[in-house]
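Throughout, read-outs are computed from the coordinates displayed, never taken from laboratory work. The structure presented is a predicted model; accordingly, all values stated were derived computationally and were not measured. Please note: Cβ atoms are built from the backbone with ideal geometry, for glycine as well, and neighbour counts cover all protein chains shown.
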Amino acid sequence: MHTVLRSATKHVVIGPDQPFCIIGERINPTGRKALQDDLRRGDLSRVEKDVAEQVAGGAMVLDVNMGAPFVPEVEMLARAVKLVQSLTNLPLCTDSSIVEALDAGLASYEGKALVNSVTAEDERMEAILPLVRKYGAAVIALPNDHEEIPEDPRRRVELARKIIDVGLDRRPELWADYFGHYRRVVWLAQRREADLEAEAAAVAAMFQLPLTVIDVGTSALELELEQLVCDE
């Protein structure tokens, strides 16, 4: 499966057979008092430096976040998106917890953006997924809800499936676009348990694909992931 992001003149492909996608996340006022003060004054000059440094550092996509106390985030995210697109042809990721700000940022963007992000919380899916559909964007899906950020892989699978089901129930014609490139489902098993194996088999059945199980234990997960990417 490939996810394609686009600016006006450049595209980036994200997928298992592609180079690791480096997303620069410096354009974010969290923990940056000077940038927060600038944004409250409507000053985006510091963002220009952030763009240049991240492009020089090899970023392939730039995340743009204007979220800070007393910053007019709707206005500033729209302005920042336009500014960053005037400075680089890299695709952008619009990043906000405020739906109105995401809407403004996506409306200002030229291309196919990445949205950061949607969770399995019902109200967040109801708010974010229509924007993703409206602007033809891609979206980062986080397998957590209002109750927890689960450590249990079974719960993470359940929440990921919920996000997919909600999105595809409304647009079933997108199934082939999202999953048509999948060739198999791979479970990197840190521990073999019957219920986990049943979950993995159920996911493979949902996609109508073969299931490959690789026992990695607790120490070999990164090595197996690296080998899988190389093999693909």
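Here the simple spin-label model places points 7 Å from the Cα toward Cβ, and for ALA194 and LYS82 these points are separated by 6.2 nm. Once C-alpha pairs closer than 8 Å and six or more residues apart are averaged by separation and normalised to the residue number of the chain, the relative contact order reads 16 percent. The slack between ARG41 and ARG156, meaning 0.36 nm per residue of separation minus the straight C-alpha distance, is 37.3 nm.
Sequence-distant contacts, meaning Cα pairs under 8 Å at least 6 residues apart, place the relative contact order of the stretch 1-53 at 21 percent. The distance separating the Cα centre of the stretch 61-91 from that of the stretch 1-41 comes to 10 Å. Taking the fewest neighbouring Cβ atoms within 10 Å as the starting point, the ordered list for TYR109, TYR182 is TYR182, TYR109.
Of the three principal axes defined by the Cα atoms of the chain, the extents in descending order read 58, 36, 33 Å. Is the stretch 72-175 best put as rounded, prolate or oblate by its Cα gyration tensor, with a ≥ b ≥ c the root eigenvalues, rounded for a/c under 1.5, and otherwise prolate when a/b is larger than b/c, oblate when not? Verdict is prolate for the stretch 72-175.
For LYS134, the lysines whose Cα falls under 27 Å of its own Cα, not counting residues fewer than eight places away in the same chain, are LYS10, LYS82, LYS112, LYS162. For the chain, modelled as a GNM whose springs connect Cα atoms under 10 angstrom apart, the maximal fluctuation among ASP37, ASP50, ASP152 occurs at ASP152. Near ASP95: Cβ cut-off under 11 Å, other residues only, Lys/Arg at +1 and Asp/Glu at -1. The net charge is -3.
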